[in-house]
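The structure appears right after this line, and notes come after that.
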Amino acid sequence: MPNLAHYMTQYDHEHESAWNKLCHGVGIPMIFAGIILLVLMKWIWGASFFVGGWMLLFLGHRIEGNHPAFFQGAVYLLVGPIWVAKEAWTFLTGTHRKPIAQATSASSSTGNLNKQA
């Protein structure tokens, strides 16, 4: 059975567009707010936030040109909020990760420069 890291990598792969990330960064919290408002009996606000959040998610995938990850499995309905929290943390702390291929090529080119000097 795949672990969380596998699902996060897959989710990352399907959410590369900055516009899609923005739509998800706003849409997923809106969906959660809508659910909370529905539980608190604020029907109009809750339904508006819930539907508006989903519209943003589908808009983001339309921009990116792919289907939402939850079409592959319901587990992605849980992975999405975790992914948004990770993206928000990365943005707020300024800790942007480089893909492994870039990091190794950068270190090897730096090593070559040091050898030449």
**Prompt:** Mind checking whether some residue in the range 33-53 is aromatic (Phe, Trp, Tyr) and within 18 Å of Tyr11 (Cβ to Cβ)?
**Reply:** no
**Positions within the range 14-43 being open to solvent by 90 Å² or more (accessible area, probe 1.4 Å), assigned to a helix (DSSP H, G or I) and over 18 Å from Ala85 (Cβ atoms), in sequence order** = Trp19, Val39, Trp43
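For every residue, the table says whether it meets (1) at pLDDT 95 or above; (2) over 15 Å from the mean Cα position of the chain (by Cα); (3) β-branched (Val, Ile, Thr).
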{"site": "Met8", "(1), (2), (3)": "no, no, no"}
{"site": "His15", "(1), (2), (3)": "no, no, no"}
{"site": "Gly27", "(1), (2), (3)": "yes, no, no"}
{"site": "His67", "(1), (2), (3)": "no, no, no"}
{"site": "Gly73", "(1), (2), (3)": "no, yes, no"}
{"site": "Tyr76", "(1), (2), (3)": "no, no, no"}
**Message:** Please determine whether any residue of the range 46-63 is of a type outside the set (Ser, Thr, Tyr) and loosely packed, with under 12 Cβ neighbours inside 10 Å.
**Reply:** no
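The values are calculated or read from the model by the stated rules, or taken from the named source; none is laboratory data. Note that the coordinates shown come from a computational prediction; the quantities given were computed from them, not determined experimentally. Glycine gets a Cβ as well: all are built from the backbone with ideal geometry, and neighbour counts include every protein chain shown. The protein model used for the area step is the full one, side chains on, heavy atoms only, and it has no ligands, DNA or RNA in it. Shrake-Rupley method; radii C 1.70, N 1.55, O 1.52, S 1.80 Å.
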